Each structure stands twice: as C-alpha cells, then as structure tokens.
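The values are calculated or read from the model by the stated rules, or taken from the named source; none is laboratory data. Source: prediction; values computed, not measured. As a convention, Cβ positions derive from the backbone with ideal geometry for all residues, glycine included, and neighbour counts pool all protein chains shown. Ligands, DNA and RNA are stripped out before the accessible areas are found, and what is left, the full protein with its side chains, is counted by its heavy atoms. Shrake-Rupley method; radii C 1.70, N 1.55, O 1.52, S 1.80 Å.
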Amino acid sequence: MTTVLDVQRFKEEGRRFAVLTAYDYLSAKILDEAGIPVLLVGDSLGMVMLGYPTTLPVTVDEMIHHAKAVARGAHQALLVGDMPFMSYHASVEQAITTAGRFIQEGGMHAVKLEGGGRVVEITRRLTEMGIPVMGHLGLTPQFVHQMGGFKVQGKSDKQAARILADAKELEQAGAFGIVLEGVPSEVATSVSKALRIPTIGIGAGAGTDGQVLVFHDMLGITTGKAPKFVKRYANLAAEIAGAAQRYIEEVGDGTFPGPEHSYSAGSGSSNGSTAPATQRDEVKYGAG
Ligand code: KIV
C-alpha cells in the first residue's frame, strides 16, 4: 500500500508519480488495480458528478458518501479526501472534526486543504494529531469569487513569491505534499525545487514532482472544450453515446435480448452460454 512516506521517497528518488481523482467504488477499483499510487476524492466531484457550477456547494456529507465508496474499491493507493468549502475555515476545532470524519467514516488516509495563511496552523495541528495533510496552492477553486473566476495564478512576481512563501510554510507545518494548480510552469518548477516535499501539478507544467488530473477529463467523459492542461487519453463520452444508441436500436428492433441473454425453464439448459450453471443463473448488478 502506498503511504505518505512512499510519496516523499518518490521525490527523494526523483520518481515522478501520477495522481487521479476518484469518486466512486468501481472507478477506484479499476484505477487501483491499474497501479495508480494516489487517489484524490476531490471536491471537484461537486462539478463533475453532481452538476454544481463550482465546488462551493459541496458538503462534508456528500464528500464522505463518495469517500466511503472509493475506500471500498481501492486497497493499494494512498487515499486523500478533499475538505470542502467552509468545513475547516471557522476554527481549528472545526477542521479537526471534519478531518476526523474523513479518516474515521470516509476511510481516507489523508486530507487536502486549499490555501495558505490560516491553513498553515490547521495543517500543523492536524499533522500533530496523525492526520497527514496535502496542501493546495495557486488556483484554489474554493477561492473562485475572490480570484474573479478560475484563472491562472502566480503570473506576477508578487503572486509567485506569495505562492513560494505559502508552500514553504505548509512544508514547515508538516504537509506531506502540495498540489500546485493553474500556475505558470516556471513558478511551479521553482517552488518544486525549493521544497523537500513533493509538488503535484495540474495546469502547472512538467516541473512538478507528480501530476494530477480529473478522472473524467482524462478519459474524455466530460464533454465540451477541455482546459489547455487536460490530455484526453480516451474519448469515452463518444463511446458511451454510441453504445447507448446501439442499445436503444437493438431493444427497438428486438435484437436484444437474444437467447444468450435469456433464462429458460428447466435445469441444464445453457441457452448457448458456456458459463457454469450457478453463474448462468445468478441475477446480480455490477460484475465488479
Ligand atoms: O478537487 C479536485 O479534484 C482537486 C484536484 C483537481 C487537484 O482539487
């Protein structure tokens, strides 16, 4: 199983590593079996899975619901749960309570928090209590209104210096890694070089220690124009639509279900199936 110590060792050994978001049991299982070392139950699930316009409406209960499903599917990856907007901002006590739920109820191994400043103290306290923290700097979607939209951050020298200072403070406070989102490559590279802990980039160029992408973006399940930093490794939206259209047609013209997908009375009749009788007669959802 990947641990926070492994992730730190990756950096020491100069090994770049991949991170993906996961929001449900089956995709977590597939990614885990494919060897992904770190899975992030990101609050991006609010936009990707629940159709919210930003991540701000996502609640702790929604996050825990998805975290639990991911934890049931993945047994090798390090699981990081994203603490949603306003679930750690009121006080250190509130942050501890929320983080505790992610670990105890959600089955996560670590939590992720956005921003620097007051988050540094929260990071210190959670780390002291044995809850590993991943930081998140640059384009922090929970600050969307303050940033005036989802915009690249750190373009000015002043902003870049702030990101570097925040990153160093988070490292000092015990963060085991930091996501750098939507920052110029040069900034991400120099922050990565200045830290002992790994950086995980998204829209931050090739100079970070790891990379993270949203599962649905990477697989082309999300439709519409993808941001520049997304590479689509598959085009599953088109595959899914094509399969649905073939299914609609086959149900309409009576081609589906065929004899191989139907049960018949009496024992021993296979309807053309070569599966053992017990398996043939099993009526169960999700073969995973
Ligand atoms: O919520 C999320 O999925 C994230 C990643 C994109 C880094 O924060």
Across the range 93-117, what is the number of residues that are away from the ligand (no atom under 13 Å from the Cβ), touching a residue at least 24 places away in the same chain (Cβ under 8 Å) and acidic (Asp, Glu)?
-> 1
From the list Glu239, Glu181, Glu169, which residue is in contact (Cβ under 8 Å) with a residue 40 or more places away in the chain, among the charged types (D, E, K, R) and either away from the ligand (no atom under 16 Å from the Cβ) or open to solvent by 60 Å² or more (accessible area, probe 1.4 Å) (or both)?
-> Glu169
The range 11-32 residues that are over 13 Å from Gln76 (Cβ atoms) and in the same structural domain as Ile178 (by TED's automatic domain parsing), paired with ones that are away from the ligand (no atom under 13 Å from the Cβ) and open to solvent by 80 Å² or more (accessible area, probe 1.4 Å) (beta carbon under 7 Å, 6 or more apart) = Tyr25/Arg72
How do the pairs read when you match residues in the range 47-72 that are of a type in the set (Phe, Trp, Tyr) with residues anywhere that are assigned to a helix (DSSP H, G or I) and surrounded by 15 or more Cβ atoms within 10 Å (Cβ to Cβ), using Cβ under 9 Å and keeping only pairs 6 or more apart or on different chains?
-> Tyr52/Gly46
Which members of the range 152-166 meet the condition of being touching a residue at least 12 places away in the same chain (Cβ under 8 Å), open to solvent by less than 70 Å² (accessible area, probe 1.4 Å) and of a type outside the set (D, E, K, R)?
-> Gln153, Gly154, Ala160, Ile163, Leu164, Ala165
Ser192 vs. criteria assigned by TED's automatic domain parsing to the domain that holds Val133, away from the ligand (no atom under 12 Å from the Cβ), among the polar types (S, T, N, Q) and open to solvent by less than 50 Å² (accessible area, probe 1.4 Å) | yes
What are the residues in the range 58-96 that are within 17 Å of Met1 (Cα to Cα) and hydrophobic (A, V, I, L, M, F, W, C), if any?
-> Val70, Ala71, Ala74, Ala77, Leu78, Leu79, Val80
Pull up the range 131-151, narrow it to residues that are open to solvent by 60 Å² or more (accessible area, probe 1.4 Å) and part of a loop (DSSP other than H, G, I, E, B), then point me to the one that is farthest from the ligand (Cβ to nearest atom).
-> Lys151
Only one residue in Val111, Val120 is hydrophobic (A, V, I, L, M, F, W, C), surrounded by fewer than 23 Cβ atoms within 10 Å (Cβ to Cβ) and under 17 Å from Val179 (Cα atoms). Which one?
-> Val120
Within the range 198-236, tally of residues that are within 16 Å of the ligand (Cβ to nearest atom), at pLDDT 95 or above and open to solvent by less than 60 Å² (accessible area, probe 1.4 Å) = 21
Would you mind stating whether Thr123 is farther than 29 Å from Leu26 by Cβ, in the same structural domain as Met49 (by TED's automatic domain parsing), within 12 Å of the ligand (Cβ to nearest atom) and not aliphatic (A, V, I, L, M)?
-> no
